[in-house]
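Colleague: First, the structure itself, so that you have it in front of you.
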Amino acid sequence: QVQLVESGGGLVQAGGSLRLSCTASTSIFTFNRMAWFRQVPGKQRDMVATISKSGVPSYADFVKGRFTISRDTYKRTVSLQMNSLEPEDTAVYYCAAKRGLIGPTYDSWGQGTQVTVSS
């Protein structure tokens, strides 16, 4: 089974930064797309950012200009640099990956890492 392990979550003040990392148990080229999602208890899981197999990123509107997704294929990692964090960014952040080229369904998920932004 493919494993995704997140790290880098924590507590930060508003305006601060965090960098989340996701390490895969296999080459990230196994997947057509990898992504970061976030979820607040009682709310829908939201896509934050994705990166394609060719390295092209995309972002949710609410993080554009603040967050950057990147990858290191040699380390088998996908990272999310989060700047200018706001209390509304508080959530559990999940790394996800899918083998399929299209569609919203992701096949593999990490365990999640908590990000808490204080006001």
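Colleague: Could you tell me the relative contact order of segment 19-118? Use alpha-carbon pairs under 8 Å, at least six residues apart, and round to a whole percent. Each step should come with its number before you reach the end.
Modeller: Values: 201 pairs, mean separation 31.2, N = 100.
Taking the mean separation of contacting Cα pairs over the length of segment 19-118, I get 31 percent.
Colleague: Number of Lys pairs in segment 40-119 with C-alpha atoms less than 21 angstrom apart, excluding same-chain neighbours closer than eight positions?
Modeller: Lysine pairs meeting the criterion: 5.
Colleague: Okay, next question. Taking θ as phi - 60°, what are the ³J(HN,Hα) couplings along segment 108-119 by the Karplus curve (6.51, -1.76, 1.60), each to the nearest whole Hz, with x for Gly and Pro?
Modeller: Rounded to whole hertz, the list is 10, 9, x, 7, x, 9, 7, 10, 10, 10, 8, 8.
Colleague: Also, quick follow-up: Is the shape of segment 5-59 best called rounded, prolate or oblate, per the rule: a/c under 1.5 gives rounded, else a/b larger than b/c gives prolate, else oblate, with a ≥ b ≥ c the square roots of the Cα gyration tensor eigenvalues?
Modeller: It is prolate, given that a/c is not under 1.5 and a/b is the larger ratio.
Colleague: Follow-up. Given Thr105, Asn32, Tyr93, which one lies farthest toward the positive end of the charge dipole of the chain, if we put +1 on the Cβ of every Lys and Arg and -1 on the Cβ of every Asp and Glu?
Modeller: The Cα lying farthest towards the positive end belongs to Asn32.
Colleague: Determine the distance separating the Cα centre of segment 1-61 from the Cα centre of segment 77-112; give it in Å without decimals.
Modeller: Centre-to-centre distance over Cα atoms comes out at 3 Å.
Colleague: Continuing with the same structure: Using θ = phi - 60° and the Karplus curve 6.51 cos²θ - 1.76 cosθ + 1.60, what whole-Hz ³J(HN,Hα) does each residue of segment 93-99 get, with Gly and Pro shown as x?
Modeller: Rounded to whole hertz, the list is 9, 10, 8, 9, 8, 9, 7.
Colleague: Rounded to a whole number, what % of the accessible area of segment 4-119 do carbon and sulfur atoms account for, probe 1.4 Å? Each step should come with its number before you reach the end.
Modeller: Working: 3010 of 5950 Å².
Using a 1.4 Å probe with all protein chains present, segment 4-119 comes out at 51 percent carbon and sulfur.
Colleague: Could I ask something else about it? Starting from the Cα gyration tensor of segment 30-76, take the square roots of the eigenvalues, sort them a ≥ b ≥ c, and report rounded, prolate or oblate (rounded when a/c is under 1.5, otherwise prolate if a/b is larger than b/c, else oblate).
Modeller: prolate
Colleague: While we're looking at this one, here's another question. Projected onto the charge dipole of the chain (+1 at Lys/Arg Cβ, -1 at Asp/Glu Cβ, origin at the Cα centre), which of Thr23, Gln81, Gln44 gives the Cα projection farthest towards the positive end?
Modeller: Sorting the options by dipole projection puts first Thr23.
Colleague: Using the Cα centre as the reference, give the magnitude of the dipole from point charges on the C-beta atoms of segment 1-83 (Lys, Arg: +1; Asp, Glu: -1; all else neutral), rounded to the nearest 20 debye. Walk me through the intermediate numbers first.
Modeller: Values: 11 positive and 4 negative charges, 16 e Å.
Computed about the Cα centre, the dipole is about 80 debye.
The values are calculated or read from the model by the stated rules, or taken from the named source; none is laboratory data. No experiment lies behind these values; they were computed from the predicted model shown. As a convention, Cβ positions derive from the backbone with ideal geometry for all residues, glycine included, and neighbour counts pool all protein chains shown. For accessibility, only protein heavy atoms count, side chains too; no ligands or nucleic acids. Shrake-Rupley method; radii C 1.70, N 1.55, O 1.52, S 1.80 Å.
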